[in-house]
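Values in this text are rule-based calculations from the coordinates and carry no lab data. Because the structure is a prediction, the values reported are computed rather than measured. Positions of Cβ are backbone-derived with ideal geometry, glycine not excepted, and every protein chain shown enters the neighbour counts.
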């Protein structure tokens, strides 16, 4: 497995496929939540998300890390615009650039995702190690890394517990 910084030219479609899977899994067993996450995955959202990733990577080229399976690590792509094209990724981590971390006064692990077929293989550990390395290089007001995790996602909570994360605060939300 190759774990390296995101390359927009090679990894854009693979990142989107992972992001889409990440969003669809956020709903879990809650039908209303699942419909909400699924409903936002429009072409417009895709373009906004990928443009935002590009801006973040311009700020900090290390902020997005991808895990590339060995069979895709050297794969070429003759038609990057073709649906389904690009390198397939085993997962990714996304630490917000330092200037955006002031939202939480800490380094922010915005997203980490491992495709189902790679869970339990150590890919998540490798991505977390890279994410924490990026976070350590930042200078947040509080020397912490924070993230949002659904209390009902036992698998994710166990992963974060294993990596030394503790419950810290509570996020609440309301519709606009």
### Query
For labels at residue 62 and residue 46 in the simple 7 Å Cα→Cβ model, what's the distance in nm?
3.2 nm
### Message
Please state the shape class of the stretch 95-147: rounded when a/c is under 1.5, otherwise prolate if a/b exceeds b/c and oblate if not, all from the C-alpha gyration tensor.
### Response
prolate
### Query
Taking every DSSP beta bridge that has both residues in the chain, what percent is antiparallel when rounded to the nearest 5?
85 percent
### Message
Which order do the peptides 94-102, 3-11 come out in when sorted by mean C-beta neighbours inside 10 angstrom, highest first?
### Response
94-102, 3-11
### Summary
The distance between the Cα centres of the stretch 1-78 and the stretch 115-142, in whole Å, is 15 Å
### Query
How far apart, in nm, are two points set 7 Å out from the Cα along the Cα-to-Cβ line at residue 166 and at residue 2?
4.0 nm
### Query
Using Cα pairs under 8 angstrom and six or more residues apart, how large is the relative contact order of the chain, in percent?
22 percent
### Message
With only alpha-carbon pairs counted, each pair once and no self-pairs, how large is the Kirkwood hydrodynamic radius of the chain in angstroms?
### Response
17.0 Å
### Task
Please order 128, 1, 171 by the number of other Cβ within 10 Å, starting at the fewest.
171, 1, 128
### Message
Using just the Cα positions, wrap the stretch 108-176 in a convex hull and report its mean projected area in square nanometres, one decimal place.
### Response
6.0 nm²
### Helix-only CD estimate at 222 nm, as mean residue ellipticity for the chain, using -39500 (n - 2.57) per DSSP H run (n ≥ 4)
-12500 deg cm²/dmol
### Square roots of 5 times each gyration tensor eigenvalue, C-alpha, the stretch 15-54, largest first, Å
20, 10, 6
